[in-house]
Amino acid sequence: MPTYDYDLFTIGAGSGGVRASRIASQHGARVAVAEERYYGGTCVNVGCVPKKLLVYAGEYGHAFEDAAGFGWNVEKPTHDWKALIEAKDKEIGRLNGIYRRLLEGAGVTLFDGRATIVDAHTVEVNGQKITAERILVATGGWPELPDQPGAREYGITSNEVFYLPTFPKRVLVAGGGYIALEFASLLKGLGADVTLLYRGHQILRGFDSDVRTFVTEELVKSGINLRLNTIIERIEKSDDCLLATLTDNQAVECDAVIYAIGRKPLTANLGLEQVGVELDKNGAIKVNDQYQTSVPSIYALGDVTNRINLTPVALAEGHVLADRLYGNNQRDVNYDNIPTAVFSIPPVANVGLTEEQAREKLGKEVDIYRTSFKPMRHQLSGRDQRTMMKLVVDRATQKVIGVHMVGSDTPEMVQAIAIAMNVGATKQDFDRTIGLHPTAAEEFVTMRVKAPDPD
């Protein structure tokens, strides 16, 4: 049998890579990790964590406005962008250290540098060749910039927003997915004049149609200038600002143009094609249900496979892979009823099937329960913001197969409901649950009137 330097060599110290490496090492494997940027990957550094911190900051902007309705005399607040970014950087630095210490504490060897694959059992880092029985690719994804004139010269992505030295007072956001909505919302909450462009006729493609319509109305009410069926044609520098010309020939002056038009798996120049690892047309690594690529000794998981691009999914896949390979535990990841959220203002969250998916699967045998209302908080704040909730039910079994919500604290509620759905809760289980009053969450157990069937 050949002797290798390590049992497992992981390329990428993001969520999935760190979890797989740490658990494998705890099972007794000899493990090494190479990371060329920052420990914790996208989520910790330029994704979920800093994004959520900035969303909190944006929510304060609305809270100051709402406070007068509750008797607070609040002078017009001002925001210090530099202080926010410094505080964010400090927290991210703390988390970087935690991820590094997690690996070191588990006995994992760390290589700071870019790793490339030489052959089925060899990687190269900083000019050093290292052998491993198995190689795991967990390099994640990276945001895209288009080829439009001026886009690569003057446009930025979500990555760069977190490091802007000054606050952009006029912002153009291109995209209609969750990242676009989140940055448009948080920048609006911080006081920016925000225009959101989307090439399609409705934002949040793939979400429930009622959610898409409702969140559109709420974003427009918040003051975001939403332009549908419109994209940027070119960007030019104009005196002290940027000038973006749109496809309708209108020109928009702005201080920043943020492209949130998609992400690509980070697989270029890793040596994958040279050793025979099969990629799809978007550069994602193809894997089987064991996370194994077309080269048996090379594995991949998380966003680099472009399947379900969520941090908790990458964590679960990493843990399962390590347990299978080194822990004698052939368990699987449960991909059913994975809750997702959009941390816009207001936030969106869902779990299970959309109404459209349910009707495609079950035909007319679907019951829909839907409600919208003005939250108690805004009866006094005066803010024109509403909440929407929706249940999708399999008529034959009465199982709740989809839950959708737009409104404050939505992600916290939907996470709990996902547990109920994973144990097969029915509409009757919801009905006989006593509501917690006064909360928005109690609406999920008090909806009794079915929406009429579509024609």
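On a 0 to 90° scale, report how tilted helix 311-326 is relative to the longest principal axis of the chain, with both axes built from alpha carbons and the result rounded to the nearest 10.
Roughly 30 degrees between the two axes.
Can you work out the FRET efficiency for the pair GLU442 and LYS90, with r the C-beta to C-beta distance and R0 = 45 Å, to the nearest 0.05?
It comes out at approximately 0.70.
Cα centroids of region 138-153 and region 31-59: how far apart, whole angstrom?
18 Å
Quick check: net charge around ALA29, other residues with Cβ under 15 Å of its Cβ, Lys/Arg +1 and Asp/Glu -1?
My count for the surroundings of ALA29 gives +1.
Just checking my list (i) 24.0; (ii) 26.5; (iii) 22.1 against Kirkwood radius over Cα pairs in Å computed from this structure; which label fits?
(i)
Tell me the label-point distance for the pair SER297, ALA416, using the 7 Å Cα-to-Cβ offset, in nm and rounded to one decimal.
Those two pseudo-labels are separated by 5.1 nm.
I need the peptides 400-407, 290-297 ranked by packing, meaning the mean over residues of other C-beta atoms within 10 angstrom, with the highest value on top.
Descending mean neighbour count gives 400-407, 290-297.
Hey, for a label at THR116 modelled as a point 7 Å past Cα toward Cβ, could you say which residues of region 270-313 have their backbone N under 12 Å away?
It comes to 270-275, nothing else.
Provide, for q = 0.10, 0.12, 0.15, 0.21 Å⁻¹, the log10 of I(q)/I(0) from a solvent-free Debye sum over equal Cα point scatterers in region 340-445.
At q = 0.10, 0.12, 0.15, 0.21 Å⁻¹ the computed log10 ratios are -0.28, -0.40, -0.62, -1.13.
Say each of LYS76 and LEU380 gets a label point 7 Å from the Cα, pointing the same way as Cα to Cβ; how far apart are those two points in nm?
Modelled inter-label distance: 2.6 nm.
To the nearest Å, what is the center-to-center distance of region 380-430 and region 230-285, using C-alpha atoms only?
Taking the Cα centre of each part, region 380-430 and region 230-285 sit 35 Å apart.
Got a sec? Charge dipole of the chain, +1 on Cβ for Lys and Arg, -1 for Asp and Glu; which of ALA251, ASN334, LEU219 is way out at the positive end?
Looking along the dipole axis, the top candidate is ASN334.
For region 151-261, what is the percent of antiparallel DSSP beta bridges, rounded to the nearest 5?
Taking every DSSP beta bridge with both residues in region 151-261, the antiparallel ones total about 40 percent.
Tell me which residues come under 5 Å, amide H to amide H, from ARG170 once H is placed; ignore anything under 5 positions away on its chain.
So ARG170 has HN proximity to ASP193, ASP255, ALA256.
In degrees, nearest 10, range 0 to 90: what is the angle between the Cα axis of helix 410-422 and the longest Cα principal axis of the chain?
60 degrees
May I ask you to order 315-321, 445-451 by the average number of other C-beta atoms within 10 Å around their residues, highest value first?
315-321, 445-451
At TYR56 and GLU233, where each label point lies 7 Å from the Cα along Cα→Cβ, what is the point-to-point distance in nanometres?
4.4 nm
Past the 25 Å Cα-Cα mark, which pairs from LYS76/LYS221; LYS52/LYS169; LYS52/LYS281; LYS169/LYS237?
Numbers: LYS76/LYS221 21 Å; LYS52/LYS169 20 Å; LYS52/LYS281 32 Å; LYS169/LYS237 16 Å.
Over 25 Å apart, Cα to Cα: LYS52/LYS281.
Run the dipole for the chain about the Cα centre, Lys and Arg Cβ at +1, Asp and Glu Cβ at -1, nothing else charged, and hand back the magnitude in debye, nearest 20.
On the way: 49 positive and 58 negative charges, 113 e Å.
Approximately 540 debye in magnitude.
Provide the net charge surrounding GLU317, with neighbours chosen by a C-beta distance below 12 Å and charges set as Lys +1, Arg +1, Asp -1, Glu -1.
0
Where in region 390-419 is the amide nitrogen less than 11 Å from a point lying 7 Å along the Cα-to-Cβ axis of GLU365?
Taking a point 7 Å out along Cα→Cβ of GLU365, the residues of region 390-419 whose backbone N falls under 11 Å are 394-398.
Which net charge results for the neighbourhood of ILE338, defined as the other residues with beta-carbon distances under 14 angstrom from its beta-carbon, given Lys and Arg at +1 and Asp and Glu at -1?
Net of charged neighbours comes to -2.
Taken together, the values in this text are just the output of simple stated rules run on the coordinates, not laboratory data. This is a predicted model, so every value here is computed, not measured. Ideal geometry is used to build each Cβ from the backbone, glycine not excepted, and the neighbour counts take in all protein chains shown.
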